[in-house]
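Asks: Attaching a single structure in structure tokens format; questions to follow.
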Amino acid sequence: MPAEKSPLPWQAIFTSDGYEGGNTHIAARDSRYALDFDFSLDKGQNAFPFAMVTLQISQSENDAENTLFDASQYSSIKLTVKCQPYNVLSFAAHAYDKSISTLGDASSYRISTHFLTCRDQWQSVTIDLKRLKTPEWWLEQRGLPYSSQHYDLSQLKSFSVTTSNQSPAAQISNVKISEFTLIGQNTLYRYASVVVVALFWVGLILWLIHQHTQQLARKLRAELKQDPPSKLEPQSVNFESRQDKEKYDVLHFLAHEYTNPDLSMEVLVNTLGINRDKINNILKQETELTFSTYLNQLRLQEAARLLETKKASITEIAYAVGYKSVNYFNRLFKKTYHITPKAYREQNSIQ
């Protein structure tokens, strides 16, 4: 409100039991900037006296009288309301029911309601449009069981706010509604939220599995570091020259540190104080391999041994011998042994 600022065209209709022969009076004060009306409820002449404002919504200003409004994309409705004196009002959605309704006959539309209290101060009331109840009196008039509670929000004609049996009688009362807001269900957002939550849980599970695998790999790596295979150790321990010592240091360091996933030529140079060229020359003379090729050889040889002797998973073994990527380990292993780690274990396991 006001009406000209509403994204959906609407019009207000004020009625009472007067057209049924009752004496309830209703007078509209405003139907543009608010739904504001006075009423005087007379309970003497009519068994069901009422004063009501109906908010008729259409898809556009040019909709015909019989056109229905699809409100199925909305989950709730919010009213900002004030009453003088205290009142109990009935909010209702009027929906077309193909089994009993006739287009153009508003009285034949199914009524689904929700009660709300209203006081002499502004309050916001949010009503769940999916949980309205069809009143017993309406069902009895049409010979329907009380369990007949289904209503179709995609076939909606209007909303209304009506007095109830607990509304004040025999006095001038006032009802003001300054806000009438439909709250939509953003289907894309809802589905996106489900996907995000699902991805979060999948990611969390994968992270926990990864952490567990890394923990097992670290344990296995620690065992390898404490007791490296003797075949990896350099054979000569008698240093007849500085060159012999440097050769021993390089080979010994690699034999003990090959499981370090961050091991690089730079780490070797900085740790041993031997320049890159000397290290390359030592490895070329002793192994006829480059640094990276020799490092992969050490790792893959030990991985093959573990596949034969340990029950650890292939992922754990890959991490334990120093690889950060299991896919990369699998590719290198197959390239070297011409067989996958899984197949190698099946063929060579001694357990």
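Asks: What do you reckon, how do Lys157, Lys130 stack up by accessible area (1.4 Å probe), largest on top?
Replies: Details: Lys157 15, Lys130 95 Å².
Per-residue accessible area, sorted high to low, gives Lys130, Lys157.
Asks: Could you compute the FRET efficiency for Ser147 and Ile183, with r as their C-beta to C-beta distance and R0 at 25 Å, rounded to 0.05?
Replies: 0.35
Asks: Now a separate question. Considering just Cα atoms, how many Å³ per residue does the convex hull of the chain enclose?
Replies: In the chain, the Cα hull volume divided by residue count equals 280 Å³.
Asks: Just from its helices, what would the mean residue ellipticity at 222 nm be for the chain, if runs of 4 or more DSSP H residues each count -39500 (n - 2.57) and the sum is divided by every residue, rounded to the nearest 500 deg cm²/dmol? All intermediate terms of the calculation are to be shown ahead of the outcome.
Replies: Details: 9 runs with 128 residues, N = 351.
So the calculated ellipticity at 222 nm is -12000 deg cm²/dmol.
Asks: When you count, for each residue, the other Cβ atoms within 10 Å and take the mean per peptide, how do 283-295, 110-122, 83-95 rank with the highest first? Intermediate results must be reported in sequence, preceding the final value.
Replies: Values: 283-295: 14.5, 110-122: 16.7, 83-95: 20.2.
Output ranking for 283-295, 110-122, 83-95: 83-95, 110-122, 283-295.
Asks: Rounded to the nearest Å, what's the spacing between the alpha carbon centres of the range 241-260 and the range 150-167? Just the number, please.
Replies: The range 241-260 and the range 150-167 have Cα centres separated by 86 Å.
Asks: Another one. Which percent of the accessible area of the range 122-225 is formed by carbon and sulfur heavy atoms (probe 1.4 angstrom)?
Replies: The value for the range 122-225 is 61 percent carbon and sulfur by accessible area.
Asks: Of Cys118, Thr340, Tyr33, whose Cα points farthest to the positive end of the dipole of the chain (charges on the beta-carbon: +1 Lys, Arg; -1 Asp, Glu; origin at the Cα centre)?
Replies: Value: Thr340.
Asks: On average, how much accessible surface per residue is there in the range 1-146, in Å², for a 1.4 Å probe, leaving out ligands, DNA and RNA? Let's see the in-between values first.
Replies: Details: 7760 Å² over 146 residues.
I get 53 Å² per residue for this part.
Asks: Roll a 1.4 Å probe over the protein chains and send me the accessible area per residue for the range 243-351 in Å². Mind showing how you got there, number by number?
Replies: Working: 5800 Å² over 109 residues.
Using a 1.4 Å probe on heavy atoms only, each residue of the range 243-351 averages 53 Å².
Asks: Could you pull out the chymotrypsin sites (Phe, Trp or Tyr not before Pro) across the range 133-172 that fall in loop regions by DSSP (anything but H, G, I, E, B) with no more than 16 other Cβ atoms inside 10 Å? It would help to have the intermediate numbers written out before the result.
Replies: On the way: sites: Trp137, Trp138, Tyr146, Tyr151, Phe159; in loops: Tyr146, Tyr151.
Those satisfying the criteria are Tyr146.
Asks: Further, regarding this structure: By how many nm would the segment from Gln84 to Tyr337 lengthen if fully extended, with 0.36 nm per residue of separation less the alpha-carbon distance?
Replies: Contour length minus Cα-Cα distance gives 82.2 nm.
Asks: Asn260 label point, 7 Å along Cα→Cβ, cut-off 20 Å on backbone N: hits in the range 303-318?
Replies: Once the point is set 7 Å along Cα→Cβ of Asn260, 303, 318 turn out to lie under 20 Å by backbone N, inside the range 303-318.
Asks: Can you give me the C-alpha center-to-center distance between the range 24-48 and the range 98-135, rounded to a whole angstrom?
Replies: After rounding, the separation between the Cα centres reads 17 Å.
Asks: With a 1.4 Å probe and every protein chain kept in, tell me what percent of the accessible surface of the range 1-60 is carbon plus sulfur.
Replies: Here carbon and sulfur together make up 48 percent of the probe-accessible area.
Asks: Next up: At 7 Å along the Cα-to-beta-carbon direction for both Thr287 and Glu4, put a label point, then send me their distance in nm to one decimal.
Replies: 8.4
The values are calculated or read from the model by the stated rules, or taken from the named source; none is laboratory data. What you see is a predicted model; the values in this text were computed from it and never measured. Cβ atoms come from the backbone with ideal geometry, glycine included; neighbour counts cover every protein chain shown. We work out accessible area using only protein heavy atoms, side chains counted, and drop any ligands, DNA or RNA first. Shrake-Rupley method; radii C 1.70, N 1.55, O 1.52, S 1.80 Å.
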